[in-house]
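Everything below concerns the one structure shown next.
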Amino acid sequence: MWVAGAEVWNNLAKQTGSGIANTITEYEFLKPIDKEGFDALWDFECNKIDNVQEKNRLLSQRDTVWCSSGGVPFYAKAIGSHLYIKNEYPTYDQFKPFFDEIFDGNLTISQRTILKQLATRPRRLEEKEEMKDLINRGLIYYDPKADTHNICIGMMRDYLKQMDIRIAQQMPYTHNLVDEICLLIENINNINELFDPINGCPIFKPVNQASSLFIDMKAVASDKTIMTSFALAVYRTYLERSEGLDSEGKKWKGYLLPEGFGKRYNFKDPNQGAFARAVDRLRQSYAHNKENARPKDNQMSELDMLDFFLGKRVLPTKPEEYRALQKAVLDKMKTELIRMKESLEKKYNK
């Protein structure tokens, strides 16, 4: 049986939490064709044109098209069609929907970061699994003469170079923060699985709705309704994704978090798991509409939660105050995840 698709089956099985469904034993990757094969393909297609002048015009563009397409026949054909019909060389904008689908739908945060780095200049990168996956997909290649990795498709390189400019012009402050948080979560999971292969597991378990949670975290909070969605998304990302069972089979939020980070640890010490307790209180205040409710089970009070995030005990009521609270939560979350990552690295002497 053959299964064809843009995503590796093992990744799909992992995302859905159904590793048992991964019965695929081998993979065959369709990589770009080499320069010799590309030249033969381009010449074969151009020689079908009767008009000698037009044919020579297209043949003269062969090397340029090779660089722009990276040897991917689909892009080469589209570029050739544009050249022939419109008598002009296309820009990356013509392929933006395809690049968007690749970049946003089929890559991890780490892989996106790698591509962005290589878009600025070729460089030598360590060939970890995610790098090898990009090579197998034909998105990057290793140049042994220069001892560097580079992006295969020139048009994609142009697309990625413009991405930071577009993001700076269009994206609010939340996007970069949430992307950094996503990357930290990936790194933390990778460290725990790599250095503790027997007991190690993702601290933040994969969930199908992870992308929608990150979208809710990125939406700029200008009122109580958006803040409610944001508070719930942060809670689900940090505490529900790290939920686990104790030895008695009891389910705990944050059970998989390292000691000192989850709210189940050292309730009487405010410095242990303070961020987790504040996130729990944030969810209670907004998603459960329990503003000013008396805290229980050593739960953080609402005023203490506001003081923890903002340094002041004032409930937000204006758009700029909601935005300030949202940014403070994301900043604290990023700091807490950095601390967690460094703690794991120290634990495993990485």
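The values are calculated or read from the model by the stated rules, or taken from the named source; none is laboratory data. All values derive from a computational prediction rather than experimental measurement. Counting neighbours? That spans all protein chains shown, and the Cβs are built from the backbone with ideal geometry, glycine included. Areas reflect the complete protein model, heavy atoms only, side chains present, ligands, DNA and RNA absent. Shrake-Rupley method; radii C 1.70, N 1.55, O 1.52, S 1.80 Å.
Restricting attention to the stretch 313-329, which residues are out of contact with any Ser or Thr (no Cβ under 8 Å at 6 or more places or on another chain) and open to solvent by less than 20 Å² (accessible area, probe 1.4 Å)? Selection gives P316, L325, A328, V329. Listed by first and then second residue, the pairs with beta-carbon distance under 6 Å, at least 6 apart or on different chains, first residue in the stretch 276-288 and more than 14 Å from L310 (Cα to Cα), second crowded, with 23+ Cβ neighbours inside 10 Å and of a type in the set (S, T, N, Q), form an empty list.
What is the residue count in the stretch 313-340 for residues that are part of a loop (DSSP other than H, G, I, E, B) and either touching a Leu at 6+ places or on another chain (Cβ under 6 Å) or touching a residue at least 12 places away in the same chain (Cβ under 8 Å) (or both)? Number of matching residues: 3. Does R124 fit the bill of being among the charged types (D, E, K, R), over 23 Å from I185 (Cα atoms) and buried (at least 16 other Cβ atoms within 10 Å of the Cβ)? Against the criterion (among the charged types (D, E, K, R), over 23 Å from I185 (Cα atoms) and buried (at least 16 other Cβ atoms within 10 Å of the Cβ)), R124 does not qualify.
Selection of the stretch 17-40 for residues being open to solvent by 50 Å² or more (accessible area, probe 1.4 Å) and at pLDDT 70 or above yields E26, Y27, E28, F29, L30, K31, I33, D34, K35, E36, A40. Applying the condition of being open to solvent by 30 Å² or more (accessible area, probe 1.4 Å) and of a type in the set (V, I, T) to the stretch 202-228 and asking which residue is nearest to C182 (Cα to Cα) yields I215.
Among the residues of the stretch 229-250, write down those that are open to solvent by 20 Å² or more (accessible area, probe 1.4 Å) and assigned to a helix (DSSP H, G or I). Listed by number, the residues that qualify are S229, L232, R236, E240.
For residues that are more than 21 Å from G70 (Cβ to Cβ) and crowded, with 18+ Cβ neighbours inside 10 Å, scanning just the stretch 138-181, find the one that is modelled with the lowest pLDDT. Step by step, filter the stretch 138-181, then rank; the result is T174. Screening K332 with (1) open to solvent by 30 Å² or more (accessible area, probe 1.4 Å); (2) out of contact with any helix residue (DSSP H, G or I) (no Cβ under 7 Å at 6 or more places or on another chain); (3) modelled with pLDDT of 90 or more gives one miss only, at (2).
I'd like to know if the stretch 291-312 contains one or more residues that are farther than 22 Å from I203 by Cβ, open to solvent by 80 Å² or more (accessible area, probe 1.4 Å), at pLDDT 90 or above and part of a loop (DSSP other than H, G, I, E, B). The answer is yes; a qualifying residue exists. For the stretch 51-101, filtered to residues that are of a type in the set (G, A, S) and out of contact with any Asp or Glu (no Cβ under 7 Å at 6 or more places or on another chain), the residue that is most open to solvent (accessible area, probe 1.4 Å) is S60.
The set of residues in the stretch 41-56 that are in a helix (DSSP H, G or I) and either at pLDDT below 90 or under 45 Å from the mean Cα position of the chain (by Cα) (or both) comprises L41, W42, D43, F44, E45, C46, E54, K55, N56. Evaluating A221 against the criteria (1) under 16 Å from T108 (Cα atoms); (2) out of contact with any Pro (no Cβ under 6 Å at 6 or more places or on another chain) leaves one unmet condition, (1).
Whether any residue in the stretch 108-117 is in contact (Cβ under 8 Å) with a residue 24 or more places away in the chain, closer than 23 Å to F74 by Cα, open to solvent by 30 Å² or more (accessible area, probe 1.4 Å) and of a type in the set (S, T, N, Q) is what I want to check. For the stretch 108-117, residues in contact (Cβ under 8 Å) with a residue 24 or more places away in the chain, closer than 23 Å to F74 by Cα, open to solvent by 30 Å² or more (accessible area, probe 1.4 Å) and of a type in the set (S, T, N, Q): absent.
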